[in-house]
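The values are calculated or read from the model by the stated rules, or taken from the named source; none is laboratory data. For clarity, every value in this text was computed on a predicted model and none was experimentally measured. Here the Cβ positions follow ideal geometry from the backbone for every residue, glycine too, while neighbour counts run over all protein chains shown. Remember, those area values only see protein heavy atoms, side chains included, never the ligands or the DNA or RNA. Shrake-Rupley method; radii C 1.70, N 1.55, O 1.52, S 1.80 Å.
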Amino acid sequence: MSTQVHANLTEAQVEQISDDLGEPEWLLETRKDALAALEELEMPDVIRTPGRTWTNLDALDYESLVDPLDYAQDKDRIDADGVEVLSWSEALDEHEDLVEEHFGTVVDPQRDYLTALSTALFSAGTVVYVPEGVDAEDVKIRTTMNSQSLFNYTLVLAEESSSVTILERQGTGETTDADQYYSGIVEVVAEENAYVQYGALQNLSEETYNFQVKRGHADTYATVNWIDGNIGSRLTKSNVETRLLGDSSESQILGAFFGHEDQHFDIASRVWHEAEHTTADLVTRGVLDDDARSVYEGVQDVGREAWDTSSYQRENTLMLSDDSEADASPKLIINNHDTEASHSATVGQVDAEDMFYMTSRGVDPESAKNMLVEGFYVPVLEEVQVDELREDLDQLIYERLRE
């Protein structure tokens with residue numbers, strides 16, 4: 001592996017972060033184990049074809065991007081009736097047993113090099129605890145990065161027959177011309193008959209390299225839904241995943257991105273059907289302008305015991321520039337014949353006939369293009385049940401089109 005642990009990353013720094021957060025010994029040991037594992041771990045999986053790596057994570061200079069003890073940030077948390085939205089220190093004080101039981105059970109702390117790096121160094125932590133039977137909306141988390149690098153971690157625990165909707169925003173406060181690095185790990189545990197909808201809107205500065213893993217486990221009759229919006233960053237590597245572990249569990253993964261200039265988005269949506277009567281729907285739409293590039297990988301994995309499965313996947317990319325580039329790799333892995341599954345991916349320019357129709361009726365070409373792009377996002381936006389997230393994403397798309 002070309003990337004090794006950089007010289008200024010030490011156990012003493014990891015110990016200081018852990019001490020600042022008042023963590024117990026078991027968590028410090030988890031951090032240290034992740035630090036030690038960096039020597040052997042590989043970068044996250046990316047799509048490779050003969051002679052080409054679609055996203056080159058090894059090329060980044062992590063030594064200059066990451067300053068372990070610089071983690072200035074603003075964190076806003078808004079809870080809802082019956083739900084506890086806790087800082088990392090508060091969660092350890094009030095619910096250490098729950099944190100210890102679930103931390104690292106959904107996302108392996110040593111899954112790959114970048115995940116282990118985040119495990120060792122995370123300083124921005126939030127725990128959302130939804131007790132049994134609680135039905136809540138409007139939980140909000142806003143993270144503003146004011147440092148060169150920031151490692152964020154979120155744990156969501158939804159107990160039996162509970163329901164919660166969460167909106168997370170990620171942005172940059174103090175911007176400089178220097179490159180920055182943001183890492184976010186989200187673990188969602190949805191127990192029997194629980195419902196979790198997690199919406200995230202990433203609008204980091206375009207000097208930021210962004211790595212994120214969001215992963216959920218859905219028990220019997222549980223639902224884990226994701227909304228993943230990406231507008232900012234220079235390079236984003238985002239994985240959004242659900243394991244459908246219980247009978248009749250469900251997941252929807254909605255994605256939207258808009259790239260311009262030289263932005264690069266590598267988006268992966270994955271779902272594992274591991275029980276009977278499970279349902280999944282993966283929908284992603286993206287727009288590219290200038291020299292922007294996107295890479296999309298969607299995987300639906302139907303296990304041998306996943307009888308009566310429904311799994312659908314659609315990805316569409318609209319290109320506004322001849323210099324932009326889009327690649328898609330949708331995949332079906334079917335190990336059970338009692339399955340309804342399909343996937344599709346399309347890449348194309350703005351429809352010439354639509355443009356002609358609008359301009360021939362007096363709409364100027366720029367306005368016509370903008371209207372067609374806004375209309376392109378409608379099938380995804382209509383599926384977003386979080387009004388505030390839908391409105392924010394729609395506004396960012398509007399602003400990007402008129403830059």
For this session: Mind counting the residues in segment 226-282 that are small (Gly, Ala, Ser), under 30 Å from Asp308 (Cβ atoms) and either in a strand (DSSP E or B) or open to solvent by 10 Å² or more (accessible area, probe 1.4 Å) (or both)?
Result: 6
Exercise. From the residues in segment 100-113 that are outside any loop (DSSP other than H, G, I, E, B) and within 21 Å of the chain's Cα centre (by Cα), which one is nearest to Glu191 (Cα to Cα)?
Worked result: His102
Problem set entry | Of all residues making up segment 311-320, the number that are over 23 Å from the mean Cα position of the chain (by Cα) and in a strand (DSSP E or B) | 0
Seminar exercise, completed: Checking Val85, Val66 in turn, the sole residue that is at pLDDT 95 or above and closer than 16 Å to Ala124 by Cα turns out to be Val85
Exercise. Hey, does segment 343-353 have a residue that's over 20 Å from Val283 (Cα atoms), aliphatic (A, V, I, L, M) and in a loop (DSSP other than H, G, I, E, B)?
Worked result: no
For this session: Look at Arg215 and say whether it is among the basic types (Lys, Arg) and closer than 21 Å to Val386 by Cβ.
Result: yes
Seminar exercise, completed: Among strands (runs of 3 or more DSSP E) entirely within segment 114-192, at least 2 residues that are of a type in the set (Phe, Trp, Tyr) and within 25 Å of Val83 (Cβ to Cβ) occur in 149-158
Exercise. For segment 59-95, how many residues are open to solvent by 50 Å² or more (accessible area, probe 1.4 Å) and assigned to a helix (DSSP H, G or I)?
Worked result: 6
Problem set entry | Top-ranked residue in segment 159-181 [being within 19 Å of the chain's Cα centre (by Cα) and farther than 14 Å from Asn210 by Cβ; ranked as most open to solvent (accessible area, probe 1.4 Å)] | Thr165
Exercise. Considering segment 321-339 alone, what residues qualify as being closer than 30 Å to Asp289 by Cα and either basic (Lys, Arg) or open to solvent by 70 Å² or more (accessible area, probe 1.4 Å) (or both)?
Worked result: Asp322, Asp323, Glu325, Lys331
Exercise. Can you find a residue in segment 125-139 that is under 17 Å from the mean Cα position of the chain (by Cα), touching a residue at least 60 places away in the same chain (Cβ under 8 Å) and open to solvent by 10 Å² or more (accessible area, probe 1.4 Å)?
Worked result: no
Exercise. Of the residues Tyr209, Tyr221, which is at negative phi and at pLDDT 95 or above?
Worked result: Tyr209
